[in-house]
Amino acid sequence: METSPAQEIWEAALGELQIGVSKPNYRTWLAKTEGLSYQDNQFVVGVPNPFVAEYLDKNQRSLIEKTLIGLTQRDVNVIFQVDGRYQEPESSYSDQGENPIATTQPPKFNSKYTFDSFVVGSCNSLAHAAALEVAQNPGGSHNPLFIYGGVGLGKTHLVQAIGHVALASHTRVLYVSAEQFTNEFIKTIQERKTEEFRHKYRSVDMLLIDDIHFIAGKGQTEESFCHTFYELHNTNRQIVITNDCPPESIPLLQERLRSCFEWGLVTSIQPPDFKTRLAILQAKTKDKGVTITLDVLKLIAQRAQRNIRELEGYLNRVIAYAKLVRASVTPELAAQALEDITNKDAKRLSITPSLVIETVAKSFNLSPLDLKSGKRDRETALARQVAMYLTRQETNCSLAQIGMELGNRDHSTVIHAYKKIESYIDTSPDLKRKILDIQQTIHSELKAGNY
Ligand code: ADP
Ligand code: MG
């Protein structure tokens, strides 16, 4: 698969944006976006649905444009466009007329995510070995295989690599993110097609399910996944699960499911050490057909320490910058290309819990003290939960810190509030609108320098 300049620039931008916004915020709004086209200063970003388009347009436009301007050194006007391709997992099944959920279409994997292109280092060697074993010997001793690690460390890459091997050996394999699983499940209930849903998930030899944390606390979906899990596992069919933390740390996950995840093998991917980062950069430059000297690669590997997505972003940035200024890539030029990011990182304005709390309180006609108090009337309780939700979305505060800010409450109260609001948003358009408005106010207060 050729990458277009828009894709490349957007990858680089995502690498930066990931540092600039909180983790849940990144995951909710940016993780599933794509660079679609870049022409005449107009940059089109593909997003999975109109809700994301609206949020990004209202709240992150200026940050995104600044990032793109930094990368391209030109004025950029960004447009968020709902990208039809995200419908793929559903529509690839709905092509089948009468029986929309029946599974005969093979899943589409990213052609870049193979074992061949996966660089093995001490940070990921166990996960890699386990994945390889599962690919070659599905349903064996590593069932389920549970791979966990932070964002951008290669979980999806590894799981899809298993998928490629399975497809090649004609194993009936299904790859789905837990989010897709959830959406599909809800839809089948609405359309009364649960039997087909059951059939689809239970007739495969291998189920690859990415980012499982998404189903935790979603009652019926979790229940349905649990049944699928038992049935597949009982008949020795392979299950591979990824997550951002180990099973015991997934908030709100049913105890029963938690222990199932530990039946097979639980393995982690750690952030890459310097040597691995360098090896990955060497592999990526080779893949792109560009030659970059070792001292430059070392410089990039030193700067990008968090994860591999960031590493790729930095590399793309250096390459894009060299192309723009039509100069060859020297360590000086690379340092110059990366200087911006490092400075921006240090100076970045950030949203504080008190900004969130004040804005939420105002929008509910309450005072920040009400939210911190012991008041339990419905309106105050809802406002407090919204404040917890938004503080988690918009800041990098820990759950414990958020609890402290909102009247010394326990971290489990914060998790509960977060999950509750997250599911309300799905069902209540009014609350969804209100939250979008609050987010917009927070971002414009910040921009106006009022905080
Ligand atoms: P995660 O799912 O853990 O968030 P991804 O699998 O999406 O991370 O990986 C992020 C990017 O880093 C992808 O482009 C992927 O190809 C690349 N990547 C991750 N790990 C490796 C590796 N060991 N070797 C080569 N590329 C990697
Ligand atoms: Mg992933």
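The values are calculated or read from the model by the stated rules, or taken from the named source; none is laboratory data. Bear in mind the structure is a predicted one, so any value in this text is a computation, not a measurement. As a convention, Cβ positions derive from the backbone with ideal geometry for all residues, glycine included, and neighbour counts pool all protein chains shown.
Residues are listed down the side, and each one gets a yes or a no for (1) within 25 Å of the chain's Cα centre (by Cα); (2) surrounded by fewer than 16 Cβ atoms within 10 Å (Cβ to Cβ); (3) not polar (S, T, N, Q):
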residue: 400; (1), (2), (3): yes, yes, yes
residue: 416; (1), (2), (3): yes, no, yes
residue: 424; (1), (2), (3): yes, no, yes
residue: 430; (1), (2), (3): no, yes, yes
residue: 433; (1), (2), (3): yes, yes, yes
Legend entry - Among the residues listed as 38, 55, the single one being buried (at least 16 other Cβ atoms within 10 Å of the Cβ) and out of contact with any Phe, Trp or Tyr (no Cβ under 8 Å at 6 or more places or on another chain): 38
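Give, as residue ranges, the strands (runs of 3 or more DSSP E) completely inside region 16-90 that count at least 3 residues that are within 16 Å of ligand 1 (Cβ to nearest atom), of a type in the set (Phe, Trp, Tyr) and outside the structural domain of residue 437 (by TED's automatic domain parsing).
Working: elements: 34-39, 42-47, 77-82.
In region 16-90, no matching strands (runs of 3 or more DSSP E) lie anywhere.
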Legend entry - residue 269 being closer than 26 Å to residue 311 by Cβ, within 16 Å of ligand 2 (Cβ to nearest atom), among the aliphatic types (A, V, I, L, M) and in contact with a Leu (Cβ under 7 Å, 6 or more places away or on another chain): yes
Inset, instruction - Kindly state which helices (runs of 4 or more DSSP H) lie completely within region 271-389 and contain at least 2 residues that are closer than 30 Å to residue 126 by Cα and at pLDDT below 95. - result: 274-288, 294-303, 308-324
Inset, instruction - Look at region 196-222 and say how many of its residues are within 20 Å of residue 135 (Cβ to Cβ), more than 16 Å from ligand 2 (Cβ to nearest atom) and charged (D, E, K, R). - result: 1
Inset, instruction - Return only the number of the condition from (1) within 16 Å of ligand 1 (Cβ to nearest atom); (2) at pLDDT below 95; (3) aromatic (Phe, Trp, Tyr) that residue 93 does not satisfy. - result: (1)
Legend entry - Selection status of residue 442, more than 22 Å from residue 375 (Cβ to Cβ) and free of Cβ contacts under 8 Å to residues at least 40 places away in the same chain: no
Legend entry - Unique residue being of a type in the set (D, E, K, R), surrounded by 15 or more Cβ atoms within 10 Å (Cβ to Cβ), outside the structural domain of residue 252 (by TED's automatic domain parsing) and under 20 Å from residue 22 (Cα atoms) when the list is 409, 392: 392
Inset, instruction - Among residues belonging to region 150-174 that are under 20 Å from the mean Cα position of the chain (by Cα) and either over 14 Å from residue 240 (Cβ atoms) or not assigned by TED's automatic domain parsing to the domain that holds residue 228 (or both), point out the one that is farthest from ligand 2 (Cβ to nearest atom). - result: 150
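For region 112-149, which residues satisfy the criterion of being among the small types (Gly, Ala, Ser) and either crowded, with 18+ Cβ neighbours inside 10 Å or away from ligand 2 (no atom under 16 Å from the Cβ) (or both)?
Residues of region 112-149 among the small types (Gly, Ala, Ser): 117, 121-122, 125, 127, 129-131, 135, 139-141, 149.
Hits for region 112-149 are 121, 122, 125, 127, 129, 130, 131, 135, 139, 140, 141, 149.
Only one of these is closer than 30 Å to residue 187 by Cα, at pLDDT below 95 and part of a helix (DSSP H, G or I): 435, 442. Name it.
Values: 442 fails: closer than 30 Å to residue 187 by Cα.
After ruling out the rest, the residue left standing is 435.
Counting only residues that are touching a residue at least 12 places away in the same chain (Cβ under 8 Å) and within 16 Å of ligand 1 (Cβ to nearest atom), give me the helices (runs of 4 or more DSSP H) lying completely in region 167-244 with at least 2 of them.
Numbers: elements: 178-190, 194-202, 219-234.
Fully inside region 167-244 and qualifying: 178-190.
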Inset, instruction - Take residue 183 and decide whether it is in contact with a His (Cβ under 7 Å, 6 or more places away or on another chain), within 22 Å of residue 231 (Cα to Cα) and surrounded by fewer than 22 Cβ atoms within 10 Å (Cβ to Cβ). - result: no
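May I ask you to verify whether residue 126 is at pLDDT below 95 and outside any loop (DSSP other than H, G, I, E, B)? Steps first, please.
Working: at pLDDT below 95: no; outside any loop (DSSP other than H, G, I, E, B): yes.
No: the conditions fail for residue 126.
Consider residue 234 carefully, then state whether it is surrounded by fewer than 22 Cβ atoms within 10 Å (Cβ to Cβ) and not assigned by TED's automatic domain parsing to the domain that holds residue 424.
Values: surrounded by fewer than 22 Cβ atoms within 10 Å (Cβ to Cβ): yes; not assigned by TED's automatic domain parsing to the domain that holds residue 424: yes.
Yes; evaluated as a whole, the condition is true for this residue.
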